[in-house]
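The values are calculated or read from the model by the stated rules, or taken from the named source; none is laboratory data. This structure is a prediction, so every number in the text was calculated from the model and none was measured. Here the Cβ is made from the backbone with ideal geometry for all residues, glycine too, and neighbour counts use every protein chain on show. The accessibility values were calculated without ligands, DNA or RNA, using every heavy atom of the protein model including side chains. Shrake-Rupley method; radii C 1.70, N 1.55, O 1.52, S 1.80 Å.
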Amino acid sequence: TPCMMFWRCWGVWTLSSLILIANPKEASELKTPRRWVNRTIETAMLTPEEIREIEVEASHYTDKSAASIEALKVVQEHQGWVSDAALKEVATLLEMTPDELDGVATFYNLILRKPVGKHVILICDSISCWVMGYESMRDHLCTKLGIQLGQTTADGVFTLLTIPCLGT
């Protein structure tokens with residue numbers, strides 16, 4: 001049968017990465033992690049826990065960039081996907097450019113660069129799975145969920161994505 005896998009994604013969707021506040025008193029009322037940058041407040045895309053986990057992963061390597069996949073997995077585990085702002089912060093932590101890290105993130109198809117549902121359904125669309133009935137399974141899932149490949153259900157529960165073969 002065609003390959004299919006459910007992949008659980010945790011985390012919340014982050015909507016903004018920069019908040020400018022002129023009054024320091026207002027800044028103290030923010031509940032998100034933050035740091036001063038050029039006398040403005042920047043809302044951190046990464047939590048202190050995420051930063052700590054990434055630093056632990058990077059400490060295992062002489063070149064911090066070697067921990068790039070593990071660092072991206074940390075972000076995705078906590079946030080459900082890897083936003084551009086989070087990618088930039090991870091790149092800074094790993095002493096890489098955002099473009100270098102984005103190259104890693106887009107190469108690995110299990111690093112999600114767009115918001116997804118609570119559950120991600122991965123269905124193989126390779127030629128061997130196509131021969132074994134991929135189309136009928138895809139059509140059934142699309143009909144049952146009311147979405148097309150690459151879309152998320154209206155309730156935000158399921159996202160249906162294609163992936164190269166997961167089977168043996």
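Residues checked against (1) at pLDDT 95 or above; (2) within 30 Å of Ile127 (Cβ to Cβ); (3) surrounded by 15 or more Cβ atoms within 10 Å (Cβ to Cβ):
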site: Met4; (1), (2), (3): no, yes, yes
site: Val12; (1), (2), (3): no, no, no
site: Asn23; (1), (2), (3): no, no, no
site: Leu30; (1), (2), (3): no, no, no
site: Ile54; (1), (2), (3): yes, no, yes
site: Ser59; (1), (2), (3): yes, no, no
site: Val74; (1), (2), (3): yes, no, yes
site: Gly80; (1), (2), (3): no, no, yes
Does any residue of the stretch 98-107 turn out to be open to solvent by 30 Å² or more (accessible area, probe 1.4 Å), of a type in the set (Gly, Ala, Ser) and within 16 Å of the chain's Cα centre (by Cα)? yes
Checking Ile41 against (1) of a type outside the set (Lys, Arg); (2) modelled with pLDDT under 95; (3) open to solvent by 10 Å² or more (accessible area, probe 1.4 Å), only one condition comes out false. Which one? (3)
What residue, among those in the stretch 135-168 that are assigned to a loop (DSSP other than H, G, I, E, B) and of a type in the set (Val, Ile, Thr), is nearest to Asn109 (Cα to Cα)? Thr168
Would you check if there is a residue in the stretch 142-164 being out of contact with any Leu (no Cβ under 6 Å at 6 or more places or on another chain) and closer than 30 Å to Lys64 by Cβ? yes
Evaluate the stretch 112-134: report whether one residue or more is modelled with pLDDT of 95 or more, in a helix (DSSP H, G or I) and either within 20 Å of Pro164 (Cα to Cα) or of a type in the set (D, E, K, R) (or both). no
